[in-house]
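Let me begin by presenting the structure, written as structure tokens, before commenting on it.
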Amino acid sequence: MSADIGRRFRVVAGIDLAPSNTEIARRAAQEARLHQVPLVLVHALWVPARLQGASRPASPSPEVLISHAQWLESIAEPLRAEPGQLSISTRVIPGRADDVLIAESLTATLVVVGEDRCGIVAAEVAHRGCSPTLVVRSDPMPMLAVSR
């Protein structure tokens, strides 16, 4: 079985609430233009589990989903206005960032993430995903981690 089964040619950018989110999106757009593939901006929206005995699993309210979707669109809009055609879509996905990005990495050409405090999300995506991961760091040189 090939790792390319289910692969879609696209760049996925993990966008969080950090101040560097526009830099991550900008760098992902550069990579998408370079490879001539669509860009997907993904925001993982984690909701803590409900107390035991709750009848429904934890999920974000529609209002929260809408506000996060609008926020993510506000990051995408300036990239759409840049010269050069680039298809950009946005997705707010309920779940933990590492789980969401690992799932997205299985079918992406490249995953672009920011360096989180401990580097856990980037390390997990690079270790378990099938796509290379571009980590946008605060120092001048970004890091490219290629999975086995």
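Any read-out appearing in this document is the output of simple, stated calculations on the displayed coordinates, not a laboratory observation. The shown structure was predicted, so the numbers you read here are calculated from the model rather than taken from an experiment. Cβ atoms come from the backbone with ideal geometry, glycine included; neighbour counts cover every protein chain shown.
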Subtracting the Cα-Cα distance of residue 47 and residue 20 from 0.36 nm times their residue separation yields 7.5 nm
Contour excess over end-to-end distance, with Cα ends at residue 35 and residue 80 and 0.36 nm allotted per residue: 14.6 nm
Using the C-alpha gyration tensor of the range 4-48, what are the square roots of 5 times its eigenvalues, in whole angstrom, with the largest one first? 21, 16, 5
If packing is taken as the average number of other Cβ atoms within 10 Å across a peptide's residues, how do 104-112, 85-93, 27-35 rank, most packed first? 104-112, 27-35, 85-93
